[in-house]
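Report on the following structure.
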Amino acid sequence: MTARPPPRYRWRMTMPDLATLFDLAGIAVFAVTGALVASRQQMDIFGFALLGTVTGIGGGTVRDVLLGLPVFWVQDPTSVVVCVVAATLVFFTAHIPESRYRLLLWLDAVGLAAFAVGGAQKALAAEASVIVAVVMGVISAVFGGIIRDVLAGESPLILRRDVYVTAALAGAVVTVAAAGLGFGGVAAASAGFLTAFVIRACAIRFRWTLPVYKTRPARSPEELGL
């Protein structure tokens, strides 16, 4: 009786693989945005490395801690190396773009979309609930930028009137909803990424803003019936 050859398995990208892929993409792009902020503040190369690193790994670190997972860059420090290399490259090339702030906004939009998807995918892979997965997507997308702006002494993008958190929220919701409807990991991730990026890109291009609270004159005692 001859032994049967082992079956051939067709490789396919799983949800954890997708989460890792989007994490790496977001880490690299966010590291560049951190370094660009350092260039606007005229920091030295160590300042570039610091801002690039905390921006790249900040959101994912908060996500992993909240999910009770091993922190990704502690398990594999490749992410830290990517951040430092990206920040160093920006240190020598930041003078090339005409408008560093404009470039910062667009790269931040890419990182925002990638982390919103990656965070949601990783939470789903950890068997978190739908709501938690959406929240983790938003946290992954915005916390790195918050840390970056606070350390650089700039007003965080999340606190401005721009459509920012809304874009991350929409991307995470679409990713989770598509996964729940049975779409494959690649299709769900692509839909979520495009949703978040398009919304944020439109906000940058057309200056979309959300309505803000406006103070109103106090009512008199007569109006209150006193």
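The values are calculated or read from the model by the stated rules, or taken from the named source; none is laboratory data. These numbers were taken from a predicted model, which means no experiment stands behind them. All accessible areas refer to the heavy atoms of the entire protein, side chains included, with ligands and DNA or RNA removed. Shrake-Rupley method; radii C 1.70, N 1.55, O 1.52, S 1.80 Å.
Probe of 1.4 angstrom, ligands and nucleic acids ignored: what's the accessible area per residue over the chain, in square angstrom?
Heavy-atom accessible area per residue stands at 56 Å².
Helix-derived [θ] at 222 nm for the chain: sum -39500 (n - 2.57) over DSSP H runs of at least 4, divide by residue count, nearest 500?
-24000 deg cm²/dmol
Rounded if a/c is under 1.5, else prolate if a/b beats b/c, else oblate: with a ≥ b ≥ c from the C-alpha gyration tensor eigenvalues square-rooted, which is the chain?
oblate
How do CYS83, CYS202 stack up against each other in accessible area, from largest to smallest, with a 1.4 angstrom probe?
Solvent-accessible surface, decreasing: CYS202, CYS83.
I'd like the Karplus ³J(HN,Hα) series for the range 132-139: coefficients 6.51, -1.76, 1.60, θ = phi - 60°, whole numbers in Hz, and an x wherever there's a Gly or Pro.
For the range 132-139, the Karplus curve yields 5, 4, 5, 4, 5, x, 5, 4 Hz.
Once phi is turned into ³J(HN,Hα) by the Karplus curve 6.51 cos²θ - 1.76 cosθ + 1.60 with θ = phi - 60°, what whole-Hz value does each residue of the range 206-218 show in order, with x for glycine and proline?
Coupling constants for the range 206-218: 9, 6, 5, 9, 8, x, 10, 6, 10, 5, 10, x, 5 Hz.
Among GLY47, GLY144, GLY182, determine the one that fluctuates most according to a GNM of the chain built with springs between C-alpha atoms less than 10 Å apart.
So, out of GLY47, GLY144, GLY182, the one fluctuating most is GLY182.
Below 8 Å, C-alpha to C-alpha, sequence gap of six or more: please give me the relative contact order for the range 140-213 in percent.
33
Would you please classify the overall shape of the range 30-81 from the alpha carbon gyration tensor, given that a ≥ b ≥ c denote the square roots of the eigenvalues, rounded means a/c under 1.5, and beyond that prolate means a/b larger than b/c while oblate covers the rest?
Prolate, because a/c is 1.5 or more and a/b exceeds b/c.
Could you give me the ³J(HN,Hα) list for the range 111-116, computed from phi with Karplus coefficients 6.51, -1.76, 1.60 and θ = phi - 60°, whole Hz, x at Gly and Pro?
Each residue of the range 111-116 in turn: x, 4, 5, 5, 6, 4 Hz.
Where does each of LEU24, LEU89, LEU157, LEU124 land when they are ordered by accessible area, with a 1.4 Å probe and the largest first?
These residues rank, largest area first, as LEU89, LEU24, LEU124, LEU157.
Using a Gaussian network for the chain with springs between C-alpha atoms less than 10 Å apart, which of these wobbles most: PHE72, PHE22, PHE48?
Greatest mean-square fluctuation among the candidates belongs to PHE72.
Considering the chain as a Gaussian network with a 10 Å cut-off on Cα pairs, which listed residue, ALA116, ALA188, ALA31, attains the greatest mean-square fluctuation?
Among ALA116, ALA188, ALA31, the largest GNM mean-square fluctuation belongs to ALA188.
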